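Only one structure is covered here, and it is reproduced in the block below.
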Amino acid sequence: MIKIAQLSCGNDYSGIQKEIEKAAETVGAKIVFPDVDIDFDDAVEDFGFNPVSPGLKLMVARAKALADKTFEADAVLIATCFRCAEGALIRNELRRYIQKHTKLPVVMYSFTENTKASVLLIRMEALVTIVKRKDLLGRERQVGITMGLDSGSATTKAVIMQDNQIVSKFWHPTSGVLESAEKAVSEALKLANMDFKDIEAIGTTGYGRYILGEHYKAKLVQEEVTVNSKGAAFLAGRQKGEATILDIGGMDNKAVTIKDGIPDSFTMGGICAGASGRFLETAAKRLGVEIAEFGEMAARGDLHKVPMNSYCTVFGIQGLVSTLAEGHSKEDVAAAACRSVAEQIYQQQLQEIDVRYPVIQVGGTSLLKGLVKAIGAILNTEPVVPENSQFIGAVGGALLSSGFI
């Protein structure tokens, strides 16, 4: 059983410990707490930061046990209450400390008293996948004829690969999980001039991965953190070395650091849809343009001319309406909307990882030039947007499923 070392403070008071353990058990893992001496002074002194809270000091001592290898674990969950400013600081420092002294994959989480196991599930699943399938995640080539299916919140994608090349791809808006997938699969097969029986292995990911996995008898059914990262690294030609994968989705966002194609730290989620692609879709409709035109419009606008920084989609659109009424151009308003999303992603998620370069921006929103420009301005870099960047999940599924042929 995979052992996930929990470094946390406030979880007992908030009553979410049973939810953390339930999420771990669901994916075949066990939560463990590193053994430490009752005197934390040496551990805290070695760490170089002396927190006030005894709970945070205990977190430090447990991290040191992992670093000193006096306690064995396979992965690490670092969690503190979202209300605690000192906890937020310690989370980041402990992540850096663990990554400096160990090779354990790490995920951080800021919990509330309402946190449920379902919210934590994908994080636990990703940690388990990284531990159990490191050899699979490290593979650099696809062999045979395989198909990847990505059942996303907005679109369903199908990709067919043969001998390390994409031979066909198709996407369809997600309505029913199976109906959308069947349309995507049918069209991808038609474009490849293949029959379904020609496919040697299938990999599924995304929200509907279990339904599709059962329906298509998939060899691989895997969460999107690891699959998307693998697809992004493959498409960007960054399967060796380090990089950061940034996937701004329709419902949630993922920021993942990778080394040799394997994730070692990641964060996901967000406070509100105001930091997602859904907000940009809503903004495009309010401006009366298609989402692709919105991206071009934003790229022509001034990122800093219009103030807009609401964390809420509703209030963000109210701000958009107000700025239009003040006479600002649609281009500048669109640019401001992209900047708002970029700033929120930086504040909410990119603070929880150490950004490594290059930054590979993927997913459907990576096709919005204005958003790529805004992310680049925030990070002072030019993000890499690989060809077929919106198909990363399906590409990752096709690539990894070939390991089961």
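The values are calculated or read from the model by the stated rules, or taken from the named source; none is laboratory data. Because the structure is a prediction, the values reported are computed rather than measured. All Cβ positions, even for glycine, are placed from backbone atoms using ideal geometry, and neighbour counts span all protein chains on display. The accessibility values were calculated without ligands, DNA or RNA, using every heavy atom of the protein model including side chains. Shrake-Rupley method; radii C 1.70, N 1.55, O 1.52, S 1.80 Å.
Couple of notes before you dig in:
- Residues of the stretch 9-18 classified as part of a helix (DSSP H, G or I) and either open to solvent by less than 30 Å² (accessible area, probe 1.4 Å) or within 11 Å of C81 (Cα to Cα) (or both), total: 5
- Check on F49, in contact (Cβ under 8 Å) with a residue 12 or more places away in the chain, under 21 Å from K100 (Cα atoms) and surrounded by fewer than 18 Cβ atoms within 10 Å (Cβ to Cβ): yes
- The set of residues in the stretch 52-90 that are in contact with an Asp or Glu (Cβ under 7 Å, 6 or more places away or on another chain) and buried (at least 19 other Cβ atoms within 10 Å of the Cβ) comprises L56, K64, A65.
- Hits in the stretch 146-167 - residues which are open to solvent by less than 20 Å² (accessible area, probe 1.4 Å) and farther than 26 Å from K254 by Cα: none
- Helices (runs of 4 or more DSSP H) completely within the stretch 301-402 that count 1 or more residues being closer than 30 Å to L149 by Cβ, in contact with an Asp or Glu (Cβ under 7 Å, 6 or more places away or on another chain) and open to solvent by less than 20 Å² (accessible area, probe 1.4 Å): 392-401
- Only one entry of A243, A218, A233 meets the criterion of being in a loop (DSSP other than H, G, I, E, B) and of a type in the set (G, A, S), and that entry is A218.
- Any hit, the stretch 353-361, residues being more than 30 Å from N164 (Cβ to Cβ) and within 19 Å of the chain's Cα centre (by Cα): yes
- Test: residue in the stretch 192-203 that is within 22 Å of V341 (Cβ to Cβ), open to solvent by less than 40 Å² (accessible area, probe 1.4 Å) and touching an Asp or Glu at 6+ places or on another chain (Cβ under 9 Å): no
- Residue count for the stretch 129-145, restricted to those that are open to solvent by 60 Å² or more (accessible area, probe 1.4 Å) and over 20 Å from D247 (Cβ atoms): 7
- Looking at A398, A335, just one residue is outside the structural domain of I90 (by TED's automatic domain parsing), modelled with pLDDT of 90 or more, under 28 Å from A158 (Cα atoms) and not acidic (D, E), and that residue is A398.
- As for the stretch 121-128, it holds no residue that is open to solvent by 20 Å² or more (accessible area, probe 1.4 Å), over 23 Å from the mean Cα position of the chain (by Cα) and not assigned by TED's automatic domain parsing to the domain that holds Q348.
- Flag if T282 is out of contact with any Pro (no Cβ under 7 Å at 6 or more places or on another chain), in the same structural domain as D354 (by TED's automatic domain parsing) and part of a helix (DSSP H, G or I): yes
- Pair list, Cβ < 6 Å and 6+ apart or interchain, from the stretch 155-180 residues that are more than 18 Å from Y210 (Cα to Cα) to residues that are of a type in the set (S, T, N, Q): I160/S168; M161/Q142; M161/T146; N164/Q142; W171/T155; H172/T156; H172/S180; P173/T155
- Scan the stretch 288-300 for residues that are closer than 17 Å to L324 by Cβ, open to solvent by less than 20 Å² (accessible area, probe 1.4 Å) and of a type in the set (G, A, S) and the total you get is 1.
- Answer from V44, V36 - the residue that is modelled with pLDDT under 85, buried (at least 17 other Cβ atoms within 10 Å of the Cβ), over 16 Å from M124 (Cβ atoms) and of a type in the set (V, I, T): V44
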